[in-house]
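See structure below.
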Amino acid sequence: LESYGDIAMGKFMKSGKVVLVLGGRFSGRKAVIVKNYDEGTTDKPYGHALVAGIDRYPRKVTRSMGKKKLKQRSKVKSFVKVYNFNHLMPTRSVFKGKLNLLMLYFLFIVGS
Amino acid sequence: MAPKKSKKQSDNVNARLGMVMKSGKYCLGYKQTLKSLRTGKAKLVIISNNTPAIRKSEVEYYALLSKTGVHEYNGSNIELGTACGKYFRVGVLAVIDQGDSDIISAMSTEQQ
């Protein structure tokens, strides 16, 4: 890896990266890269990533609300989608929890 | 604020850019520079002084994430295109392989 000074160039579209979705139904939503395909595949010959993100954000909650209302308003609806890197805006944040596809499968597909 | 660049310094950049065009690898244009930044291939990014602020900050942000240096070219996209020896305008460019030039090390020492 060629580097100048003490800095090395780096790929940053990696699993765990928090990104913003730039287009489509979920544009403006925050998502996390679960799996990235930098070189693409035969089906998708471009850099793309599987992301899991927030479809419906939890609503604002105040102190005066009861437990039941709190629970309803704290619900989060999620989505899983494959995006071209061009349609994602990376951020500096990184999600440090465990991200694996098997977990996603059970949470999202089986649970819905 | 950065000190005002003398004519001699800007000539240096042009000369070094010319060398990169001859012997090195580069990407001209916004889309390709973002691609090269995402894959970590870009070693230096040069932005002309009349690129719109939002595009400039987006490219700088990508460069920040990939720890790539950014050089603000002392000229417009027309002048940067001429410096690259092209007959079209160049707003943003990325140096992937500097070849026989020393543009990357020269830019990093200048910033320090």
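Just so it is clear, none of the values below were taken in a lab; they were calculated from the coordinates. Nothing here was measured: the structure is a model prediction, and the numbers come from that model. Virtual Cβ from ideal backbone geometry, glycine too; neighbours counted across all protein chains shown.
Computed quantities for the displayed model
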read-out	value
B:Asp97-B:Ser57 pseudo-label distance in nm [points 7 Å out on the Cα-to-Cβ vector]	3.6
For A:Val76, A:Val32, order by how many other beta-carbon atoms lie within 10 Å, fewest first	A:Val76, A:Val32
Separation in nanometres of the label points that stand 7 Å from Cα toward Cβ, at A:Arg92 and B:Asn50	3.2
Residue-averaged beta-carbon neighbours from other chains (10 angstrom radius) around B:61-68	5
Fewest-first ranking of A:Met65, B:Met21, using other Cβ atoms within 10 Å as the exposure measure	A:Met65, B:Met21
A:Ile54, A:Ile33 arranged by Cβ crowding within 10 Å, fewest neighbours leading	A:Ile54, A:Ile33
Compactness of the stretch A:17-96, expressed as Rg and Dmax over alpha-carbon positions, Å	15.7, 55
Mean-position separation - Cα centroids, the stretch A:52-89 and the stretch B:67-94, in angstrom	42
Of A:Lys35/B:Lys31; A:Lys96/B:Lys35; A:Lys30/B:Lys67; A:Lys30/A:Lys81; A:Lys96/B:Lys56; A:Lys96/B:Lys31, those spanning more than 18 Å from alpha-carbon to alpha-carbon	A:Lys35/B:Lys31; A:Lys96/B:Lys35; A:Lys30/B:Lys67; A:Lys96/B:Lys56; A:Lys96/B:Lys31
Calculated Rg and Dmax of the stretch B:24-108 using C-alpha coordinates, Å	11.6, 33
Projected label distance in nm at B:Lys67 and A:Ser78, using a 7 Å step from Cα toward the beta-carbon	3.0
Estimated [θ] at 222 nm from DSSP helical runs (n ≥ 4, -39500 (n - 2.57)) normalised by residues in chain B, nearest 500	-15000 deg cm²/dmol
